[in-house]
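This report concerns only the one structure given below.
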Amino acid sequence: MNRLPLPFLLLWPLLLGAAPLPALQPADVRLGEPVVLQLRLPDAEWSLAGLPDLPAFRLLQPPRTDRGTLTLRLLPVRPGPTEIPPLTLVRGNRVLQSRPLPVTVTDPVAADTAVVPRQNWPPDNAFPPWLPALALTAAVLLLFPICVRIRRRKLATGPYAAEKQRLAALPPSPERQQLERELLGWCYGPYTPDESERADWRRRLADLERRS
């Protein structure tokens, strides 16, 4: 019986058109976690002809060939059993295909998620969550008139309280506005009027009251 020569046995896989099985790292393929597919080329003259349809994966980077190894970086986007189709390699007018690689993509979220237990209704005597907000609103409504009354009392008993009341009783006019501006300057400004300025202001106020 004639034996086939050793070089013919080494080239037999290439003559059949089948390349080695690609390697996938990591072997445990999980949804949303990148994987690396590597295929050892027969020699540096072979190149990838094109990508097959990969419905369960998305290509993250362009295919790269380094030191006779073709590398694809893929992202699993669909859980369940799938397959990486044969990769077509070309060298001149020769064509070579890798073997298909069966893969199962697992979904870590679905595997680790537990059923949420049913929550019981709160008892009838439970403290209502809206009660503190209602109590705070009631307190604000009760304290607001008191704060307004205190502020008015401070204004009435503050500096020049009598003059302020006399001005408030007069009808609007340019003379009244002028007297109000001067009085506000005395109350809140850094300048303190002397007795003659106060007497002149009161005189003009009395004249305006007589004319009104």
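Annotations for the structure displayed:
- Residue, farthest from THR88 (Cα to Cα), within segment 33-64, restricted to residues that are in a loop (DSSP other than H, G, I, E, B) and either open to solvent by 80 Å² or more (accessible area, probe 1.4 Å) or of a type in the set (Lys, Arg) (or both): GLN61
- Inspection of segment 66-77 identifies no residue that is at pLDDT below 90, in contact with a strand residue (DSSP E or B) (Cβ under 8 Å, 6 or more places away or on another chain), surrounded by fewer than 13 Cβ atoms within 10 Å (Cβ to Cβ) and not in a loop (DSSP other than H, G, I, E, B).
- Hits in segment 41-78 - residues which are among the acidic types (Asp, Glu) and over 37 Å from the mean Cα position of the chain (by Cα): ASP43, GLU45, ASP66
- All positions within segment 167-195 that are outside any loop (DSSP other than H, G, I, E, B), open to solvent by 80 Å² or more (accessible area, probe 1.4 Å) and modelled with pLDDT of 85 or more: PRO174, GLU175, GLN177, ARG181, GLU195
- Close contacts from segment 162-190, counting a first residue that is closer than 11 Å to LEU208 by Cα and a second that is modelled with pLDDT of 85 or more and of a type in the set (Lys, Arg), with Cβ to Cβ under 6 Å and a gap of 6+ residues or different chains, come to LEU170/ARG176.
The values are calculated or read from the model by the stated rules, or taken from the named source; none is laboratory data. Computed from a predicted model, the values in this text were never measured in an experiment. Note that we place each Cβ from the backbone using ideal geometry, even for glycine, and neighbour counts take in every protein chain shown. The accessibility values were calculated without ligands, DNA or RNA, using every heavy atom of the protein model including side chains. Shrake-Rupley method; radii C 1.70, N 1.55, O 1.52, S 1.80 Å.
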